[in-house]
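Heads up: the structure comes next, in structure tokens.
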Amino acid sequence: MKLIITDIEHFKAPADGDYKVISPHGTIHHCTGCFGCWVKTPGMCVIHDGYERTGIDMGKCTELILISQCCYGSVGPFVKTVLDRAISYVHPDFVLRKGEMHHKRRYQNVITISAYFYGPDITEAEKTTARNIIAANADNYDGLVKNICFYPSAEDLEEIIL
């Protein structure tokens, strides 16, 4: 399955594949750092607002696709909040990877990450920051970067092939 996390409210996944879309619907609560997803309900957030299974969904996906407005070289607030709430994707224990300390993988899947950013006048500095953040996320998830693209508007994303 390909998991799409987007801030585009009515985003339609392509009909020709196995996709799950997480987009804004209702209120999403911020991660409180309670670690309940690690110790009380491993893999699932303890906040029940419709976004509590994101870590489990990530454990079932082969590709994580982020579609977001570019905000200061990173994903927008909704996508960031969803990713924060998905910390349960990783295990609380640590391992060394590439000489750095990271959380151990909870699931067996290896995620590839694609990011599609949109917004008018995205600067080169913001693009560099976005590439670095997506690469760091891939390292944290013990995954790989597949694709990072930038578009002037959300409408320009309608023709992309996921």
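The values are calculated or read from the model by the stated rules, or taken from the named source; none is laboratory data. This structure is a prediction, so every number in the text was calculated from the model and none was measured. Note that we place each Cβ from the backbone using ideal geometry, even for glycine, and neighbour counts take in every protein chain shown. Heavy atoms of the whole protein, side chains included, go into the accessibility calculation; ligands, DNA and RNA do not. Shrake-Rupley method; radii C 1.70, N 1.55, O 1.52, S 1.80 Å.
Details
- Between ASP84 and LYS12, the distance separating the two model label sites (each 7 Å from Cα on the Cα→Cβ line) works out to 3.3 nm.
- Amide N proximity, the range 36-76 versus ALA125 label position 7 Å along Cα-to-Cβ, cut-off under 13 Å: 72-73
- Under 19 Å from the SER153 label point (7 Å along Cα→beta-carbon), backbone N, the range 3-18: 7-12
- Extended-chain gain in nm, criterion 0.36 nm per residue less alpha-carbon gap, VAL21 and ASP139: 40.2 nm
- Among beta bridges that DSSP assigns inside the range 49-162, antiparallel share in %, nearest 5: 30
- Estimated FRET transfer efficiency (HIS29, ILE161; beta-carbon r; R0 45 Å; 0.05): 0.85
- When each of LYS40/LYS127; LYS12/LYS60; LYS12/LYS104 is checked by Cα-Cα distance, pairs over 31 Å: LYS40/LYS127; LYS12/LYS104
- Hz values of 3J(HN,Hα) by residue in the range 109-124 - Karplus curve (6.51, -1.76, 1.60), Gly and Pro given as x: 5, 10, 8, 9, 10, 10, 10, 10, 9, 10, x, x, 6, 5, 7, 4
- The charge dipole of the chain, taken about its Cα centre with unit charges on the Cβ atoms of Lys, Arg (+1), Asp and Glu (-1) only, comes to about 780 debye.
- Take each peptide in 3-9, 84-90, count the other Cβ atoms within 10 Å of every residue, and average; sorted highest first, the result is 84-90, 3-9.
- When the surface is traced with a 1.4 Å probe over the full set of protein chains, HIS29 keeps roughly 90 Å² accessible.
- Taking the range 1-143 and dividing mean pair separation by its residue count, relative contact order in percent (alpha carbons under 8 Å, at least six apart): 25
- Computed [θ] at 222 nm, deg cm²/dmol, the chain (DSSP H ≥ 4; -39,500 (n - 2.57); rounded to nearest 500): -6500 deg cm²/dmol
- Accessible-area composition of the chain, carbon plus sulfur, in percent [1.4 Å probe]: 56
- Positive contributions from Lys and Arg (+1) and negative ones from Asp and Glu (-1), summed over other residues with Cβ under 15 Å from the Cβ of VAL82, come out at -2.
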